[in-house]
Amino acid sequence: MTTWTPASMPDQTGKTAIVTGANSGIGLPTALELARHGAHVVVAARDPEKGGEAVARILREVPGAQVEYGRLDLADLDSVRRFAEGVDKVDLLVNNAGISMVPRRETKDGFELQFGTNHLGHFALTGLLLPLLAARPGARVVTVSSDAHSVGRIDFDNLDLERGYGRMSAYGRSKLANLLFTLELQRRATKAGIDLKSMATHPGMTATRIVKLGPFQPLLGVFLQSAEAGAVPSLYAATSPDVRGGEYFGPKAKVLEPSQAARSESTAARLWDVSSELTGVRFEKFANL
Ligand SMILES: NC(=O)c1ccc[n+]([C@@H]2O[C@H](COP(=O)([O-])OP(=O)(O)OC[C@H]3O[C@@H](n4cnc5c(N)ncnc54)[C@H](OP(=O)(O)O)[C@@H]3O)[C@@H](O)[C@H]2O)c1
């Protein structure tokens, strides 16, 4: 099988794509390639200056691209709500932004920061945008998880990790939540008869800022791939006609198997209800399931 590259991407003209964390790392080439293939792209980022620089960079590489900045801080539910209120159309949502292995801190709403940003922020964003996604047949939600999900464990009695915080285990937990969310979103969309595909990705070890600042820093320049290569699974999941909802893609767009914990339907359903409770986002389209 030949390796998929963005050159094989079908034309995206007429589609609106939102990419979170599109100002740097894997998110930037994700946004850039979607724009290159005709999508209207929203660079969703928390820092207006960095977001503006990313828009300018995309316009330099793709003159005439339809690209705009939207302010989104996933660690602040008010910001997530304001961002969602400003959206009027969306076909592709790429839940890419993330933080990794930071010391224990909290989001503005008091959630442990990695879980709050990587999972709860994206859970809320997806729920608030669901009516718009459901209005666009063939809509897709791609959530960037990680191989690190396999070290994660969800302890519903210690969601704030006030006891036993570990930077890696907290990251792994947030990435496990990304996968549980992806698969549960697909199940709920299918049951509700909504034409939506939900996929997850693991980009592979990529030379981006979260790696440069984290414990894998010594690996830099040894065997880390480029951000462009790290964007391939997201771009494939977002655009390939061959994708099925619920799939999990890794480097070179190969299908991966989520861990046993990530495939637990009971954990996923419970996490969904807890996330809904914590964020106040109800996913009304799924209300009667
Ligand atoms: N790099 C790897 O090897 C690797 C491996 C597996 C999975 N991943 C996943 O890939 C995704 C992208 O990460 P990356 O490697 O590209 O790292 P990165 O270069 O550090 O990019 C992370 C992005 O997330 C944004 N972000 C962080 N907190 C945010 C918040 N509260 N609100 C909005 N945006 C926020 C950052 O914005 P600022 O610039 O404002 O901080 C940045 O744009 C993450 O989900 C990560 O977990 C990466």
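Output the qualifying pairs, or none if there are none: Cβ atoms under 6 angstrom, residues six or more apart or on different chains, first residue in segment 1-24 and among the β-branched types (Val, Ile, Thr) and modelled with pLDDT of 95 or more, second residue assigned to a loop (DSSP other than H, G, I, E, B) and surrounded by 21 or more Cβ atoms within 10 Å (Cβ to Cβ).
From segment 1-24, the pairs are Thr16/Val90; Thr16/Asp91; Ile18/Val90; Val19/Asn96; Thr20/Asn96; Thr20/Ala97.
Can you name the residue in segment 120-150 that is of a type in the set (Gly, Ala, Ser), surrounded by 22 or more Cβ atoms within 10 Å (Cβ to Cβ) and not in a helix (DSSP H, G or I) and is also nearest to the ligand (Cβ to nearest atom) among such residues?
So the first thing to find is which residues in segment 120-150 are of a type in the set (Gly, Ala, Ser), and the list is 121, 124, 127, 134-135, 138-139, 145-146, 148, 150.
Within this subset, residues satisfying the condition of being surrounded by 22 or more Cβ atoms within 10 Å (Cβ to Cβ) are 121, 124, 127, 139, 145-146.
Then drop every residue that is not not in a helix (DSSP H, G or I), which leaves 139, 145-146.
Values: Ala139: 21, Ser145: 7, Ser146: 4 Å.
It comes out as Ser146.
Of all residues being closer than 21 Å to Ala124 by Cβ and surrounded by 19 or more Cβ atoms within 10 Å (Cβ to Cβ) in segment 42-69, which is nearest to the ligand (Cβ to nearest atom)? Just the residue, please.
Arg46
Examine segment 79-100 for a residue that is surrounded by 15 or more Cβ atoms within 10 Å (Cβ to Cβ), within 10 Å of the ligand (Cβ to nearest atom) and closer than 21 Å to Arg163 by Cα, and state whether such a residue exists.
Looking through segment 79-100, at least one residue is surrounded by 15 or more Cβ atoms within 10 Å (Cβ to Cβ), within 10 Å of the ligand (Cβ to nearest atom) and closer than 21 Å to Arg163 by Cα.
Cβ contacts < 9 Å: first residue of a type in the set (Ser, Thr, Tyr), restricted to segment 74-95; second residue surrounded by fewer than 22 Cβ atoms within 10 Å (Cβ to Cβ), any location; separation 6+ or different chain. Result?
Short answer, once both residue conditions are applied: Ser79/Arg46; Ser79/Arg71; Ser79/Asp73; Ser79/Lys108.
State yes or no: is Ala227 touching a residue at least 24 places away in the same chain (Cβ under 8 Å) and more than 23 Å from Asp91 (Cα to Cα)?
Here the answer is yes, as Ala227 does meet what is asked.
For segment 1-74, please list each of the strands (runs of 3 or more DSSP E) lying entirely inside it that holds at least 2 residues being of a type in the set (D, E, K, R).
Working: elements: 16-20, 40-45, 67-71.
Correct list: 67-71.
Filter segment 25-72 for residues that are on the phi > 0 side of the Ramachandran plot and touching a residue at least 24 places away in the same chain (Cβ under 8 Å) and give the result. I'd like the intermediate steps shown before the answer.
Start the filter on segment 25-72 by keeping residues that are on the phi > 0 side of the Ramachandran plot, which leaves 25, 38, 64.
Residues satisfying the conditions are Gly25, Gly38.
Just a yes or no: is a residue in segment 177-189 surrounded by fewer than 21 Cβ atoms within 10 Å (Cβ to Cβ) and acidic (Asp, Glu)?
Within segment 177-189, not a single residue is surrounded by fewer than 21 Cβ atoms within 10 Å (Cβ to Cβ) and acidic (Asp, Glu).
Within segment 1-41, take every residue that is touching a His at 6+ places or on another chain (Cβ under 9 Å) and among the β-branched types (Val, Ile, Thr) and give me the one that is farthest from the ligand (Cβ to nearest atom).
Thr13
Which residue out of Arg57, Arg104 is among the basic types (Lys, Arg), out of contact with any Lys or Arg (no Cβ under 9 Å at 6 or more places or on another chain) and at pLDDT 95 or above? Talk me through it step by step, then tell me what you get.
Working: Arg104 fails: out of contact with any Lys or Arg (no Cβ under 9 Å at 6 or more places or on another chain).
Just a single option satisfies the conditions, and that option is Arg57.
I'd like to check which helices (runs of 4 or more DSSP H) are fully inside segment 204-289 and have at least 3 residues that are at pLDDT 95 or above.
Details: elements: 209-212, 227-239, 265-279.
By residue number, 227-239, 265-279.
Hey, could you check segment 251-281 for residues that are surrounded by fewer than 14 Cβ atoms within 10 Å (Cβ to Cβ) and over 19 Å from the mean Cα position of the chain (by Cα) and say which is nearest to Asp160 (Cα to Cα)?
Filtering first and then ranking leaves Glu277.
The values are calculated or read from the model by the stated rules, or taken from the named source; none is laboratory data. Keep in mind that what you see is a predicted model, and the values were worked out from it rather than measured. For neighbour counting, all protein chains shown are included, and Cβ atoms are generated from backbone atoms with ideal geometry for every residue, glycine included.
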